[in-house]
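The values are calculated or read from the model by the stated rules, or taken from the named source; none is laboratory data. Bear in mind the structure is a predicted one, so any value in this text is a computation, not a measurement. Cβ placement follows ideal geometry from the backbone for every residue including glycine, while neighbour counts extend to all protein chains displayed. All accessible areas refer to the heavy atoms of the entire protein, side chains included, with ligands and DNA or RNA removed. Shrake-Rupley method; radii C 1.70, N 1.55, O 1.52, S 1.80 Å.
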Amino acid sequence: MSENLERNVNDENNNLTFRNSDENKRNNLSIEKQLILICIFFRIFIFIWTFLSDQLINDYDTSFFTTFQENSFSLGGFAHWDSVFFLRIAKTGFYEFESFFAFFPLYPFTIRFITLNFILPLKQFFYNFIFLLNNSDKSKEVLLSENDWIISGVLITNICFLISLIYFIKLTKFLFNNFLNSEKDRNLFIWYSGLLFIINPATIFMTVVYTESMFMCFTLLGMYFHFTKKHFLSCLFFFLASATRGNGIVLSGFYIYQFLFETFHFIRNTKNSKYVIFKIIWFFIKYILFGVVMILLPYLLFQTFGYYQFCNENYNNLLKESISINNGMGKTEYLKENHPWCLDKYPHLYNYVQSKYWNVGFLRYYEFKQIPNFILAFPILFLSIYGTFIYFTKDKKRIFTLGLLNNNNSSSDVNENYEEENSNIYTLNYKIFPIVAYWAFLTLYGALLMHIQVLTRFLFSSSPAIYWYCSTFFINGGNSSKQSTSNNTTVTTATANRIINVNKLLIFYFLLYCTLGPLLFSNFYPWT
């Protein structure tokens with residue numbers, strides 16, 4: 001009798017566990033769907049806000065886009081600054097000038113592909129349909145307008161952003177699922193992380209004709225498949241990220257770290273030393289010869305293409321003409337005057353272009369006249385420095401061991417004093433070490449070498465760790481008068497008030513930048 005009773009109780013517990021698990025899955029799915037819907041509606045709002053800002057306010061500088069002055073209905077507000085170069089490359093299908101080599105080819109050539117193979121045929125179909133309704137014998141051959149190219153770019157950008165959100169949520173679930181005991185806290189963390197991702201301060205650049213959304217999309221896909229041990233897919237998407245933006249080569253650090261991590265733990269745990277050397281060789285082939293080389297390949301191919309276009313007389317007609325006029329002796333003189341980088345021992349076109357045309361270099365932007373731009377970049381610079389600092393200093397051995405030994409944290413460790421220090425879910429998560437290190441490196445690189453105002457869109461479109469760190473302030477902000485306990489620890493009113501103040505500042509920062517950005521960008525005013 002007692003055995004039957006015990007069996008029934010166990011069956012009931014198993015059923016209850018199953019039902020709870022099933023309910024949790026539904027809750028997770030509903031959160032994901034809610035975030036996707038919010039993302040779609042917010043994208044529509046930003047699109048309308050950008051369009052209205054462009055139509056109602058005169059541009060500060062219209063020298064680049066005089067073609068739009070002739071058209072009353074124009075989407076030119078979605079194509080300012082770097083967008084001009086992307087669209088020019090897309091329309092011509094070629095890199096005409098040296099300065100264009102600051103922009104990697106995947107995004108503009110995707111615009112070209114979509115425009116010629118989808119927008120143009122669709123436009124032709126509608127024109128033919130209209131002529132058919134009017135009983136006309138001849139249909140008109142349509143031509144592409146500037147708006148058509150912009151539509152393609154905006155579609156690509158926003159589709160990539162939506163995919164980015166989906167895989168950001170997947171990556172967040174995978175990396176943080178075991179670092180929160182409560183299902184409610186897990187859902188809240190996913191919710192706030194996703195919401196901050198949607199309204200991030202670089203929103204305008206993830207809406208218009210820019211590479212930010214595409215780069216973030218491929219970066220998150222690559223990270224997700226890297227952490228879920230799908231190496232080929234990870235390499236593929238990191239390869240595409242590197243073909244989208246030059247800083248994509250930094251993603252090779254994930255494979256270098258993984259090579260060190262797996263080699264270290266294999267040597268540490270194996271008892272059969274006979275196979276150690278073969279395993280290390282396999283790790284080297286997998287992560288260095290295949291992974292790292294795959295990421296570097298687009299960059300190297302792009303530089304090689306540029307070298308042949310400008311430095312080789314078989315491809316550069318002006319160089320060929322100069323050699324012909326000077327009886328085969330004018331090559332050096334021509335290159336020295338027009339393309340001096342060709343004569344370097346190791347020609348590097350991208351570095352030359354960034355230095356000459358964009359004034360990118362070590363501390364070049366540190367001038368008094370750039371103080372307003374430093375103020376503009378201060379919030380993300382502070383967030384990045386502090387966010388990476390507290391992660392690496394939470395456990396001192398992280399810095400000295402490169403995180404190789406930090407693999408014993410559990411959800412109980414994370415939740416110890418969780419209510420007292422709300423960032424523990426971020427600081428104690430050893431899994432995200434390479435992502436935080438990636439964030440730290442990009443911050444250092446951007447602050448020292450790049451135009452400082454670009455740091456906002458540069459970092460928000462590169463590292464998911466920013467959103468994870470910011471979301472920790474929302475998990476247990478609660479009501480300032482409410483006292484919560486966890487592991488016999490009580491949140492003080494002062495601590496709660498501090499958290500709420502940070503919450504307000506973060507929300508103000510995110511909303512201010514993502515709403516002010518469309519207003520300024522669409523009218524050619526300087527903005528991040």
### Task
Filter the stretch 391-418 down to residues that are surrounded by fewer than 16 Cβ atoms within 10 Å (Cβ to Cβ) and among the aliphatic types (A, V, I, L, M) and give me whichever is modelled with the lowest pLDDT.
L405
### Query
Only one of these conditions is not met by A243: (1) in contact (Cβ under 8 Å) with a residue 40 or more places away in the chain; (2) more than 30 Å from A90 (Cα to Cα). Which number is it?
(2)
### Task
Considering each of L162, L143, L171 in turn, give the residue that is modelled with pLDDT of 80 or more and outside any helix (DSSP H, G or I).
L143
### Message
Restricting to the stretch 308-317, name every residue that is crowded, with 18+ Cβ neighbours inside 10 Å, part of a helix (DSSP H, G or I) and without any contact (Cβ under 8 Å) to a residue 40 or more places away in the chain.
### Response
C311
### Message
When you scan the stretch 493-506, do you find a residue that is assigned to a loop (DSSP other than H, G, I, E, B), surrounded by fewer than 23 Cβ atoms within 10 Å (Cβ to Cβ) and at pLDDT below 90, even just one?
### Response
no
### Task
Could you give me the residue pairs with C-beta distances under 7 Å whose first residue belongs to the stretch 52-79 and is of a type in the set (S, T, Y) and modelled with pLDDT under 90, whose second residue is part of a helix (DSSP H, G or I) and loosely packed, with under 14 Cβ neighbours inside 10 Å wherever it lies, and which are 6+ apart or on separate chains?
T62/Q69
### Message
Against the condition aliphatic (A, V, I, L, M), in contact with a helix residue (DSSP H, G or I) (Cβ under 8 Å, 6 or more places away or on another chain) and at pLDDT below 85, how does I323 come out, does it pass?
### Response
yes
### Task
Name, by its number, the condition in (1) open to solvent by 40 Å² or more (accessible area, probe 1.4 Å); (2) in a helix (DSSP H, G or I) that does not hold for V276.
(1)
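Based on this model, can you work out whether F218 counts as modelled with pLDDT under 95, of a type outside the set (K, R) and closer than 24 Å to C514 by Cα?
no
Find the helices (runs of 4 or more DSSP H) located wholly in the stretch 323-406 whose residues include 2 or more that are basic (K, R), and list them.
Working: elements: 331-338, 349-358, 371-394, 397-401.
In the stretch 323-406, 331-338, 397-401 are the helices (runs of 4 or more DSSP H) which contain 2 or more residues that are basic (K, R).
Condition check ((1) among the acidic types (D, E); (2) modelled with pLDDT of 90 or more; (3) open to solvent by 30 Å² or more (accessible area, probe 1.4 Å)) across all residues:
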residue	(1), (2), (3)
I280	no, yes, yes
P298	no, yes, no
F305	no, yes, yes
L319	no, no, no
K336	no, no, yes
I371	no, yes, yes
F378	no, yes, yes
L383	no, yes, no
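Results for (1) farther than 26 Å from Y255 by Cα; (2) surrounded by fewer than 24 Cβ atoms within 10 Å (Cβ to Cβ); (3) touching a residue at least 60 places away in the same chain (Cβ under 8 Å), shown as yes or no for each residue.
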position: P434; (1), (2), (3): no, yes, yes
position: A437; (1), (2), (3): no, yes, yes
position: T443; (1), (2), (3): no, yes, yes
position: A447; (1), (2), (3): no, yes, yes
position: Q453; (1), (2), (3): yes, yes, yes
position: F460; (1), (2), (3): no, no, yes
position: P464; (1), (2), (3): no, no, yes
position: F474; (1), (2), (3): yes, yes, yes
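Rundown of residues vs (1) at pLDDT below 55; (2) over 18 Å from K184 (Cβ atoms), yes/no style:
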residue: L449; (1), (2): no, yes
residue: L455; (1), (2): no, yes
residue: A465; (1), (2): no, yes
residue: C470; (1), (2): no, yes
residue: I475; (1), (2): no, no
residue: G478; (1), (2): yes, no
residue: T490; (1), (2): yes, yes
### Query
Any idea which of L251, L240 is open to solvent by 20 Å² or more (accessible area, probe 1.4 Å), touching a Gly at 6+ places or on another chain (Cβ under 9 Å) and of a type in the set (A, V, I, L, M)?
L240
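Within the stretch 282-296, can you find the residues that are open to solvent by less than 30 Å² (accessible area, probe 1.4 Å) and over 19 Å from Y350 (Cα atoms)?
Keep residues of the stretch 282-296 that are open to solvent by less than 30 Å² (accessible area, probe 1.4 Å), which gives 283, 287, 291-292, 295.
If the condition is that a residue be open to solvent by less than 30 Å² (accessible area, probe 1.4 Å) and over 19 Å from Y350 (Cα atoms), then F283, Y287, G291, V292 are the ones that fit.
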### Hits in the stretch 220-237 - residues which are open to solvent by 30 Å² or more (accessible area, probe 1.4 Å) and either assigned to a helix (DSSP H, G or I) or in contact with a strand residue (DSSP E or B) (Cβ under 6 Å, 6 or more places away or on another chain) (or both)
Y224, F227, H231, F232, L233, L236, F237
